[in-house]
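Undergrad: Could you have a look at this structure, given as structure tokens, before my questions?
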């Protein structure tokens, strides 16, 4: 798998001079390898159609060599233009599904894969669209790899990041539910780790989790957001990251990059858990019974302990290869890094006598469960390109001599 080290380089030809900053993790990036569709499609489809397929795919491969995130919009546009043509190769009635070998590589160029199945190509293309969209979301929060509090906490940037996250989740959801079921078992077994179902699902849920994290950041900065709203968002974020962690941890073949992905989700899970206990403690403390105050103190102390663990998890994530940097605390965590220890110390002193008197009530309460509210954008494939209307094709007959000459030209 590619990873956050490639957040600001889509291709892998230039060395990265700076350790990249990560707010939104991009767990993998792969790019197509230059190809020529003329030979496998010769005599089956018009030459100009095979040329267009080759041209669009090779344009994507070329753009993927760009090292700046500014290339992402053009790359996404090229992928979207390629899709209507690619869809024709998946049409069962046309029968071209397994005629072409599709080659892809990870951006670090350590792993190549070649599969003769157009549904694999479709999966790779839509997955790449999802990863590029996550890259774009990260760039909205960390433009040019230089970060300030103002940039991270810009309402417009956060809103844009949420929109991109649910869009990326939509691509990944489509991969899971519409494309992967079309791929036969013997090919699924050959798929790289980042295209396997558990990892796709974990990344899809992670996108929603980080979207909820952005919503909580906005709520913390809003004067109108109530404690109940903040608690709900923190609890939802916790649920999403918990699900993502479960999906990823059940994957048997996690490589180095997969472990980096897992360490990121663990870090974010702990942050969300600390926030959820803190806000739950504030709400519980509004009760008038001694048990309410004792439960609140338990929540604050738990939040403080989990916050300490989250900082260790953040360091572990940053040091897991490939090395990355996390931005300075921002949003909810910028506020909570200070408030949680202060509140835990203050409330422990205030209600210390109750803790001594009612030791049997000193039990950490369960966090409330909420219906998860953030949903992925629905994604649908474009219509098949009209060039695939085979009744309009005019394919000239070839003599054996012409066919052999063409083969020699293809090999040059």
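The values are calculated or read from the model by the stated rules, or taken from the named source; none is laboratory data. This one's a predicted model, so the numbers in the text were calculated from it and none came from an experiment. Because the Cβ atoms are built from the backbone with ideal geometry, glycine has one as well, and the counts that use them run over all protein chains shown.
Undergrad: Modelled with pLDDT under 90 and surrounded by 23 or more Cβ atoms within 10 Å (Cβ to Cβ), is that true of residue 278?
TA: Answer is no for this residue.
Undergrad: Somewhere in the range 321-329, is a residue more than 30 Å from residue 107 (Cβ to Cβ), in contact (Cβ under 8 Å) with a residue 12 or more places away in the chain and surrounded by fewer than 19 Cβ atoms within 10 Å (Cβ to Cβ)?
TA: no
Undergrad: Let me ask something else. Of the numbered conditions (1) modelled with pLDDT under 95; (2) surrounded by fewer than 16 Cβ atoms within 10 Å (Cβ to Cβ); (3) within 28 Å of residue 97 (Cα to Cα), residue 192 satisfies every one except a single condition; which is it?
TA: Looking at each condition in turn, residue 192 falls short on (2).
Undergrad: Which condition number in (1) more than 30 Å from residue 43 (Cα to Cα); (2) modelled with pLDDT of 95 or more is the one that residue 123 fails?
TA: With respect to (1) more than 30 Å from residue 43 (Cα to Cα); (2) modelled with pLDDT of 95 or more, residue 123 is out only on (1).
Undergrad: Tell me which helices (runs of 4 or more DSSP H) are completely within the range 16-115 and hold 1 or more residues being without any contact (Cβ under 8 Å) to a residue 40 or more places away in the chain, or say none if there are none.
TA: 47-63, 72-90
Undergrad: Is it true that residue 334 is farther than 22 Å from residue 261 by Cβ, without any contact (Cβ under 8 Å) to a residue 60 or more places away in the chain and over 21 Å from the mean Cα position of the chain (by Cα)?
TA: no
Undergrad: Which of the residues spanning the range 366-381 are more than 16 Å from residue 240 (Cα to Cα) and loosely packed, with under 12 Cβ neighbours inside 10 Å?
TA: 366, 378, 380, listed by residue number.
Undergrad: Let me spell it out: the conditions are (1) in contact (Cβ under 8 Å) with a residue 12 or more places away in the chain; (2) under 23 Å from the mean Cα position of the chain (by Cα), and residue 280 meets all of them except one. Which number is the exception?
TA: Result: residue 280 passes all but (2).
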